[in-house]
1. I need a count of the residues in the range B:49-103 that are outside any loop (DSSP other than H, G, I, E, B) and touching a residue at least 12 places away in the same chain (Cβ under 8 Å).
2. If you scan the range B:359-406, which residues turn out to be within 20 Å of A:Tyr94 (Cα to Cα) and away from every other protein chain (no Cβ under 13 Å)?
3. Looking at the range A:447-469, can you tell me whether even one residue there is part of a loop (DSSP other than H, G, I, E, B) and surrounded by 13 or more Cβ atoms within 10 Å (Cβ to Cβ)?
4. Just give me the residues in the range B:310-335 being away from every other protein chain (no Cβ under 14 Å), in contact with a helix residue (DSSP H, G or I) (Cβ under 7 Å, 6 or more places away or on another chain) and surrounded by fewer than 24 Cβ atoms within 10 Å (Cβ to Cβ), in sequence order.
5. Quick one: which of A:Gly473, A:Gly432 is crowded, with 18+ Cβ neighbours inside 10 Å and small (Gly, Ala, Ser)?
6. Among what's in the range B:269-305 and is part of a helix (DSSP H, G or I) and among the acidic types (Asp, Glu), pick the residue that is farthest from B:Leu478 (Cα to Cα).
7. State yes or no: is B:Asp339 in a loop (DSSP other than H, G, I, E, B) and either surrounded by fewer than 20 Cβ atoms within 10 Å (Cβ to Cβ) or at pLDDT below 95 (or both)?
8. Any idea which of A:Gly144, A:Gly163 is crowded, with 17+ Cβ neighbours inside 10 Å and on the phi > 0 side of the Ramachandran plot?
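The values are calculated or read from the model by the stated rules, or taken from the named source; none is laboratory data. Predicted model only: the values in this text are computed from it and were never measured. Here Cβ is always computed from backbone atoms with ideal geometry, including for glycine, and neighbour counts include all displayed protein chains.
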Amino acid sequence: MMSDYRVQGETGEWEVVIGLEVHAQVTSNAKLFSGAATAFGAEPNTQVSLVDAAMPGMLPVPNRECIRQAVRTGMAIDAQINKWSRFDRKNYFYADLPQGYQISQLYHPLVGEGSLMIEADEKAGIPEAKRIGIERIHVEQDAGKLMHDQHPTMSYVDLNRSGVALMEIVSRPDMRSPAEAGAYVRKLRSILRYVGSCDGNMEEGSMRADVNVSVRKPGKEFGTRTETKNVNSVRFVMAVIEGEAKRQVALIESGGTVVQETRLYDPDRNETRSMRSKEDAHDYRYFPDPDLLPLELDDAFLAECRESLPELPDAKRARYLAAGISAYNADVLTAEVESALWFDALLETGAKPVAAANWVTSELFGALNRLGKSFADCPVTPAQAGELLGLVADGTISGTIAKQVFEKMLESGDGAAAIVEREGLKQTSDTGAIEAEIAKVLAANADKVEQYKAGKEALFGFFVGQTMKAMQGRANPQVVNELLKKALG
Amino acid sequence: MMTDLTNLTVAQIRDGHRAGDFSAVEVAEAFNANVAGAKALNAFIVETPDHAIAAAKAADADRAAGTLKPLSGVPIGMKDLFCTNGVQTTAASHMLEGFVPRYESTVSQKLWDAGAGMLGKLNLDQFAMGSSNETSYFGNVISPWRRKDGGNAALAPGGSSGGSSSAIAARLCPAATGTDTGGSIRQPAAFTGISGIKPTYGRCSRWGIVAFASSLDQAGPMARDVRDCAIMLENMAGFDPKDATSLNLPVPNWEAALSSDLKGKTVGIPKEYRLDGIDPDIDAMWDAGIAMLKDAGANVVEISLPHTKYALPAYYIIAPAEASSNLARYDGVRYGLRDLPQGAGLQDMYAATRADGFGPEVKRRIMIGTYVLSAGFYDAYYTQAQKVRTLIARDFEQAFASCDVILAPTAPSAAFGLGEKMADPLAMYLNDVFAVPASLAGLPAMSVPAALNREGLPLGLQIIGKAFDEQGVLNAGLAIEERAGFTARAEKWW
């Protein structure tokens, strides 16, 4: 079943066609062609080498780690890795581009055709899982940054980003709704973070997307597309698509034509505006960079790249599903590499997968939210959580008590068993004690006993609750059930 | 009276200094004096007598301490295309006038590490674009040579390494660095009666050399004879991890392996280099050269380099294409010239800076290069030129199946008068016709002085070798040098 996302126009329904070019900053201590550092947020122009500033006579030398990360990313999307690729110069003048050209890969990219899966999400309007094609990944240099607020009449330039390695990940025009595009970006980000080739931090600009949008009557030829540059959040990507599709439909239906152009998104006004049309597009005069030899990768290098790949989100998700974990929980657990790794460590302790998944997605996620923490600074270790879940699994404490114990673990940092021991929270299966409390509960609620016996069986839960309350949650619920049934005859 | 130290070769200075015949400071002072007295030649953009003296003092101390280096006591000239730490580096352009690098090019650093001292930064064609040194922002270099016609016409020292050639020929320095993109070492060497070698592409690091055309630029030495070229090259070449196109090969001991015995060697004579209407003196010199190599024991065969006629057009597409991109960094933003007219924006600043900072020849090549790379023309020009380049390299490969080195003239004429060819860029470009093919193929090639023409001007023979076989080139050059007996020098008029 295809996406049924449609833009309603005066002439009927329109289908939206979306392709994304995602620029992802490669995780590397050094820039693509120089040894300068790449840390975010450094003082302007403190991470600039002679090469990055394009001083006379300076030459680029490829950073092997950046190439390695791009190759691993390509492998993670099942893409063809080109053992022979080449760098090209993209020539244009701008003050943030010291060389007067960006070193990129137009003609022979490092990574060829690949794809990724986006999962079904009925609520979001994605009825079934869908494979999105990825045309290519190439590596290229980032530019510097202009600062317009430093001087009344002049602009300053910060070259810290100049020369930082980017992967440009170009999708096929395979997406048909804002939701699909959002899911694509989230999935891509997830894969990059699993692989460790990009930190996926969109706020800091480590990942940004150029959004290509066109509209057509369903099943007809592709329309003319526009490209909205440098969109830096999933929400904005979706907003751009929605707004741009509506704009194009309105334009066409009012007798106009969509022109191929570059647009900019203004998040404050939630609209795009034209930056330049195809007519005044730059002629980039691409040609092979004569300072660099073609990049040739050998089998040993590729083997090392492949071996270094971790288990990826799809494989992990499949493994969780096979262990009986719900699709929803599997999605939630695998979305971020940190939670997935944490969860895997919890499974390593011997925790039962389904119970562990339920506990992590409800109790732990809730606690982290409340405390404003993440898995990176998680207040409990997988081992501590495993101990807690073990106590539930072997009947030492009930699920209700487990919640209390977990709270105390968060407060004190102590282990679950120690807390249970100290606070006397052990669950009891002592039939005598439980029978005594049941007797009191039934005596105090004689009217309800009557009603129950008259056929209002839903009241059984009430008696269980009262008994558990009287036992301060420490009674084994199964034993309570059995004894109550017996007592109520 | 003591020998004039400035008449000594690099080897003689090195050996004489080692033997204690003279001090390095005496040598440096002698050359400094010659430099100071030769302003009329305009060979230097910046003179650095203190650098030469400091290196000489270190050399004298090293001799006393018994820690001599390969070039201890030898002062040299540095083409002003090499970035030198703390010393203005201009590429003979207004664009970089006053630019003082805070880094040292790999090649110049190697020379200083070997004990050499610097007499100054040598003039050149602006950004190494030119064949006569007339494109320098700092005025053209004048050759020390004059025609024996009674006239005093100022002659071109060749280009782009014309400051280097003129200074060596006039005994302002015993050796100098050059760079060769399409003949810029060999043609000026031929014009001034000295030797010069462009090694295999990648032998010398390009790091710190102001780029002209990256896939062609190659540094090399210029000196009075073949041995000096070998000595200098040994101290300039070597793998550099800072240059991705640098050859990761050991540097041979070229000087020690010099031999003019060519028995068992075959010399190829490319028939396509016999141009119609060429100066008969050039043809005569070439024939004499063939006889010399036979005399040295070599077997001589005719070879064919069928795509030769396409080399010059291909070169004048590829080199400007690369230059148009390499020179984009001179934009007035970070260093060098900045022209910021009142109320100007970024585009105005670019336009004003580049209009003012680049000379006409540089602009011409930037425009040619921009044109051949632009959408719609790229395939017709650049792609086609790259195919030609591949074919030219293949021509050489096939030719070298039947010979060890190739002998040809270096240039189609002797030095021409300054101003004679400036009005016609195509005539100027034709000067490189014999030099360009080896550049496109990345092969080692050298020029050695072989004869004087009827006007009394030097002519050079070119030896082209297989990739990495600088030794074969130097040895054939040595065989010619020994037999040509070229001892002529320009009479001092400056």
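1. Let us first name the residues in the range B:49-103 that are outside any loop (DSSP other than H, G, I, E, B), namely B:49-65, B:75-79, B:82, B:84, B:87.
If we keep only those that are touching a residue at least 12 places away in the same chain (Cβ under 8 Å) as well, we get B:49, B:51-60, B:62-63, B:75-79, B:82, B:84, B:87.
Of the residues in that region, 21 qualify.
2. Answer for the range B:359-406, where residues must be within 20 Å of A:Tyr94 (Cα to Cα) and away from every other protein chain (no Cβ under 13 Å): just B:Lys363.
3. no
4. B:Tyr310, B:Leu312, B:Tyr316
5. On the way: A:Gly432 fails: crowded, with 18+ Cβ neighbours inside 10 Å.
Exactly one of A:Gly473, A:Gly432 is crowded, with 18+ Cβ neighbours inside 10 Å and small (Gly, Ala, Ser), namely A:Gly473.
6. Result: B:Glu272.
7. Details: in a loop (DSSP other than H, G, I, E, B): yes; either surrounded by fewer than 20 Cβ atoms within 10 Å (Cβ to Cβ) or at pLDDT below 95 (or both): yes.
So B:Asp339 fits the description; yes.
8. A:Gly163
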